[in-house]
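Accompanying notes for the structure given below.
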Amino acid sequence: MGKFSAYKVQLAQLKDGHHEQDFTIDTEFFKNMERPDIHKADVKVHLDLDKKHDAYDCTFHCKGTVEVACDRCLDPLDIDIDADYHIIVKYGESYNDESDDILIIPEGNPYLNVAYMLYDTIVLCIPMRHVHPLGKCNRAMVAALNKHRSAAGDDDEEDFADDEVDPSVPGGED
């Protein structure tokens, strides 16, 4: 069994009509994708698939959380995932993903592996900058950052004010 065999949608055996399938995206999924910056994941994916003749209208609903490191204090930061992805899949002579809305797969494929579609959908929900909301960063780390910034003579940015950190967050006072 392959690393992503749990993410196969059996297309060839489906009859016309509505079909549903559920997937779970977890920490192991991102390890297999070689994405070490995502420390934990718990995303539920629901696929609504409507088959009409030779077309498969697929809508993926992704909802859950992934954990990454905060860029400022390096403590864990949960990112909420709530996204939909829609694509129409058809059979053709050869694989073709040039369109954003239509995917053509070879006629001999009885299934579609959706692992990379789900990966892309979830990763695009993660902001480029991962920082806690004001007041939630590790207080000790923020103090250390301010100390090193002023020692380096970096006056371009203001120090993180004391009101930007939450004293109840681990890292306490100096």
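Quick look at the values:
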item	result
Which listed pairs, of Lys63/Lys147; Lys15/Lys40; Lys31/Lys90; Lys8/Lys51; Lys63/Lys136, have C-alpha distances above 28 Å, in listed order	Lys63/Lys147; Lys15/Lys40; Lys31/Lys90
Mean residue ellipticity (222 nm) of the chain, computed from DSSP H runs ≥ 4 via -39,500 (n - 2.57), nearest 500	-4500 deg cm²/dmol
Full-stretch length increase - Asp37, Ala140 - with 0.36 nm per residue and alpha-carbon distance subtracted	34.8 nm
Net charge of Cβ neighbours under 9 Å - reference Cys125; Lys, Arg +1; Asp, Glu -1	-2
Rounded percent of accessible protein surface that carbon and sulfur make up, the stretch 1-124, 1.4 Å probe	48
Whole-number accessible area per residue in Å² for the chain, which is evaluated in the context of all protein chains at 1.4 Å	62
Point-charge dipole on Cβ atoms (K/R +1, D/E -1) for the chain, about Cα centre, debye to 20	860
Dipole of the chain, positive end: most advanced residue of Ile38, Ser94, Asn146 [Cβ charges, Cα centre]	Ser94
Cα→Cβ-extended label distance, 7 Å offset, between Phe4 and His86, nm	2.4
Spin-label pair Ser150/His18, simplified geometry with 7 Å Cα→Cβ offset, distance in nm	6.2
For volume of the Cα convex hull per residue in Å³, calculated from these coordinates, the label among (i) 124; (ii) 194; (iii) 150	(iii)
DSSP-defined antiparallel bridges as percent of all bridges, the stretch 44-120, nearest 5	85
Using alpha-carbon coordinates, inclination of helix 139-151 to the longest axis of the chain, degrees	70
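The values are calculated or read from the model by the stated rules, or taken from the named source; none is laboratory data. As the structure is a computational prediction, the values presented were derived from the model and not from experiment. Glycine also receives a Cβ, built like all others from the backbone with ideal geometry; neighbour counts cover every protein chain displayed. Calculation scope for accessible area: heavy atoms of the full protein, side chains included, ligands and nucleic acids excluded. Shrake-Rupley method; radii C 1.70, N 1.55, O 1.52, S 1.80 Å.
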